[in-house]
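Some notes on the structure that comes next.
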Amino acid sequence: MKNNRVLSLIGLATKAGKTVSGEFSTEKSVKTRKGLLVIVAEDASENTKKFRNMCSFYEVPIFFFSDKESLGRAMGKEYRACLAVQDENFAKAIMKEV
């Protein structure tokens, strides 16, 4: 149940234009301090999981959640291995559910 709630919140945030996805965009979002929460698919490659170090350096919460297909479907796109939430309220709501 929680899984569906988090995916719904990701979908809402995407429709509101408050998320970015993909490795490059997520990294840029964190480094420019716009990304307030990073979500990485549990089945992402080890290379993608490099966000651990970057997020701890920039003090951005990171969660490993769901799979690439589910994250992509929630965003209305193909597979997504990682995404950043750029809205404080959406970030807090998602963190509360995870």
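With all protein chains in place and a 1.4 Å probe, the accessible surface of the chain carries 49 percent carbon and sulfur. Screening the chain for DSSP H helices whose Cα atoms reach 15 Å or more along their own axis and whose mean Kyte hydropathy is at least -0.5 gives 2-15. Averaging sequence separations of C-alpha pairs under 8 Å and six or more residues apart, then dividing by the length of the range 24-80, give the relative contact order as a whole percent. Normalised by residue count, the contact order of the range 24-80 is 34 percent. With 0.36 nm allotted per residue and the present C-alpha distance subtracted, the Glu69-Lys96 stretch has 7.5 nm of extension available.
Relative contact order of the chain, taken over Cα pairs closer than 8 Å and 6 or more residues apart, is 42 percent.
Relative to its Kirkwood radius, the Cα radius of gyration of the range 1-54 gives an Rg/Rh of 0.98. Let me see the pair-distance distribution of the range 52-98: every alpha carbon pair, 10 Å bin width, integer percents in order. The distribution over the range 52-98 is 24, 52, 25, 0, given as percents. The residues of the chain expose, per residue, 58 Å² of accessible area to a 1.4 Å probe. For the chain, adding -39500 (n - 2.57) for each run of n ≥ 4 DSSP H residues and dividing by the number of residues yields -14500 deg cm²/dmol at 222 nm.
The values are calculated or read from the model by the stated rules, or taken from the named source; none is laboratory data. What you see is a predicted model, and the numbers here were worked out from it, not measured in a lab. Calculation scope for accessible area: heavy atoms of the full protein, side chains included, ligands and nucleic acids excluded. Shrake-Rupley method; radii C 1.70, N 1.55, O 1.52, S 1.80 Å.
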